[in-house]
Amino acid sequence: MGCPEEEPALSPEPLTVEIVDSVGAVPAEAWDALLGPPDEASPFLQHRFLRALEEAGTLGPDTGWIPRIPLVKRGDVLVAAAPAYVKLHSQGEFVFDFSWAHFAEQAGLPYYPKLLVGVPFTPVTGRRLLTREGEDRPALMAAMGEVFEELCRAMDLSSVHVNFACEDEVAALVSQGYLHKLGIQYHWRRHGERSFEEYLGRFNSKRRNQLRRERRGFAEQGLSFSVHRGAELDDADVKTAFRIYKTTVDKFYWGRQYLNLKVFQLWAARMGDAMELVAARDANGAIVAGAVNFASSRRLFGRYWGTFQEVRNLHFEVCYYRGIEEALERGLDVFEPGAGGEHKLVRGFEPTLMHSAHLLVDQRLHGAIGRHLEEERRRVRQEQMLMMESLGQRRG
């Protein structure tokens, strides 16, 4: 008796690509299924965060952020996507390419519009090439790299910039000819400590005394501190959070107001579990300063700071030390207080490399910037090494 014939293997359905003009055009469940394991997923990539930016009017032609969201599907199933925007300027990105735009202008090449893949106004590392669990992630990342390039050519864009991406994503894009740019942020990491005093044990005596001095005196000045999150965030807190954000924007001549009250209200209504307000109050209970933070299951993110009254060292207390205590109490692994600030080094924040990938359609421009970035990467890595040596922490 002969063997039964095997059924021919069914070929997987081919991939199709669609470009939509809003994250809101994608069902929230389908989008959030691309964010990776829950303990690694960034709150800033969640559908509810990005959709709030759209609904509040912070994105669109009037603001120079035009959503063009590539979706990769297999049949009716969304298997890959990216938060992508056509940009008419370079504001609100935090990976600075103003000198590239100037160089292109001098060469007679248009630099805007361009394609930006990242989270608007949010310098936080996270997935940029979003892929569904169980799919061939390397193959889909390569496909997304090609989609970005095709989108640039189809829309006559100068370049694509994938900012604050994960290392595996940058490596995949570099293998396709993209350029690799490095930057530095300062992140706090828990190394087994369970309290702030244990954390101070990292430092030599001189540095420990400095940090303790910076925390003294607030009670004598009548200042107290509180954290509001979830159901504790009422309408007054949300309005205060927006005022906190706006006071810093208004304080500096280079400030740019990217956000409005509506987006804070939408975030609080939809993701109060991830959003919190750290408030410093005077003896009468009035808020004199504060910070707006977001959190995932393993990380705390400092986003916006503002003060209505100048008090010595209050910025360090609200933005850094309270965040460290919060991370220790909640068992979080990392606290990212935001972009910039070498002064974070002496307070125990470690220099951490930020990665981005860039592709310029004009090969002359691509080659010139590539040579610049090669030298810049060497310098950034050297700076990181020197900073680590100067942290002033006790060695085991």
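The values are calculated or read from the model by the stated rules, or taken from the named source; none is laboratory data. Remember, predicted model here, so these are calculated numbers, not experimental data. Neighbour counts run over all protein chains shown; Cβ positions are idealised from the backbone, glycine included.
Can you pull out every residue in segment 126-140 that is free of Cβ contacts under 8 Å to residues at least 40 places away in the same chain and either closer than 16 Å to Leu78 by Cβ or surrounded by 20 or more Cβ atoms within 10 Å (Cβ to Cβ) (or both)?
Of everything in segment 126-140, those that are free of Cβ contacts under 8 Å to residues at least 40 places away in the same chain and either closer than 16 Å to Leu78 by Cβ or surrounded by 20 or more Cβ atoms within 10 Å (Cβ to Cβ) (or both) turn out to be Gly134, Asp136, Arg137, Ala139.
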(request) Return yes when Arg299 is at pLDDT below 95 and either under 17 Å from the mean Cα position of the chain (by Cα) or farther than 21 Å from Ala274 by Cβ (or both) and no when it is not. (result) no
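Within segment 203-211, can one find any residue that is surrounded by 11 or more Cβ atoms within 10 Å (Cβ to Cβ) and free of Cβ contacts under 8 Å to residues at least 40 places away in the same chain?
yes
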(request) Kindly check whether there is at least one residue in segment 115-136 that is over 19 Å from Leu182 (Cβ atoms), touching a His at 6+ places or on another chain (Cβ under 8 Å) and not charged (D, E, K, R). (result) yes
(request) Go through (1) within 24 Å of Thr248 (Cβ to Cβ); (2) of a type in the set (A, V, I, L, M, F, W, C); (3) surrounded by fewer than 17 Cβ atoms within 10 Å (Cβ to Cβ) one by one and return the number of the condition Leu353 breaks. (result) (1)
(message) Looking only at segment 328-350, how many residues end up being surrounded by fewer than 18 Cβ atoms within 10 Å (Cβ to Cβ) and part of a helix (DSSP H, G or I)?
(response) 6
(request) Identify all residues within segment 99-125 that are hydrophobic (A, V, I, L, M, F, W, C) and surrounded by 15 or more Cβ atoms within 10 Å (Cβ to Cβ); write none if there are none. (result) Trp100, Ala101, Phe103, Ala104, Leu109, Leu115, Leu116, Val117, Val119, Phe121, Val124
(message) Being surrounded by 12 or more Cβ atoms within 10 Å (Cβ to Cβ) and assigned by TED's automatic domain parsing to the domain that holds Leu373: is that true of Glu214 here?
(response) no
(request) At least 1 residues that are assigned by TED's automatic domain parsing to the domain that holds His47 in each: list the helices (runs of 4 or more DSSP H) lying fully within segment 116-204 that qualify. (result) 137-154, 167-174
(request) Return only the number of the condition from (1) in a strand (DSSP E or B); (2) aromatic (Phe, Trp, Tyr); (3) free of Cβ contacts under 8 Å to residues at least 12 places away in the same chain that Phe96 does not satisfy. (result) (1)
(message) Could you tell me how many of the residues in segment 1-21 are among the polar types (S, T, N, Q) and either modelled with pLDDT under 95 or at positive phi (or both)?
(response) 1
(request) Considering every residue within segment 242-260, establish whether at least one is of a type outside the set (Phe, Trp, Tyr), in a helix (DSSP H, G or I) and closer than 27 Å to Gly24 by Cα. (result) yes
(message) Let me spell it out: the conditions are (1) of a type outside the set (Val, Ile, Thr); (2) surrounded by 17 or more Cβ atoms within 10 Å (Cβ to Cβ); (3) closer than 19 Å to Arg303 by Cα, and Trp65 meets all of them except one. Which number is the exception?
(response) (3)
(request) Looking only at segment 306-317, decide whether some residue is in the same structural domain as Val227 (by TED's automatic domain parsing), touching a strand residue (DSSP E or B) at 6+ places or on another chain (Cβ under 7 Å) and among the hydroxyl-bearing types (Ser, Thr, Tyr). (result) yes
(request) Considering only residues that are in a strand (DSSP E or B) and touching a Phe, Trp or Tyr at 6+ places or on another chain (Cβ under 9 Å), look in segment 224-241 and name the one that is surrounded by the most Cβ atoms within 10 Å (Cβ to Cβ). (result) Phe225
(message) Take Leu359 and tell me if it is within 22 Å of Glu93 (Cα to Cα), at pLDDT 95 or above and either in contact with an Asp or Glu (Cβ under 7 Å, 6 or more places away or on another chain) or buried (at least 19 other Cβ atoms within 10 Å of the Cβ) (or both).
(response) yes
(request) For Gly306, work out the one condition from (1) in contact with a Ser or Thr (Cβ under 6 Å, 6 or more places away or on another chain); (2) within 19 Å of Ala219 (Cα to Cα) it doesn't fulfil. (result) (2)
(message) Tell me yes or no: at least one residue of segment 152-159 is under 22 Å from the mean Cα position of the chain (by Cα) and surrounded by 23 or more Cβ atoms within 10 Å (Cβ to Cβ).
(response) yes
(request) Kindly list, by first and then second residue, each pair from a residue in segment 49-69 that is outside the structural domain of Arg303 (by TED's automatic domain parsing) to a residue that is surrounded by fewer than 21 Cβ atoms within 10 Å (Cβ to Cβ) and among the acidic types (Asp, Glu), limited to pairs with Cβ atoms under 7 Å and residues at least 6 apart or on different chains. (result) Pro67/Asp21; Pro67/Glu54; Arg68/Asp21
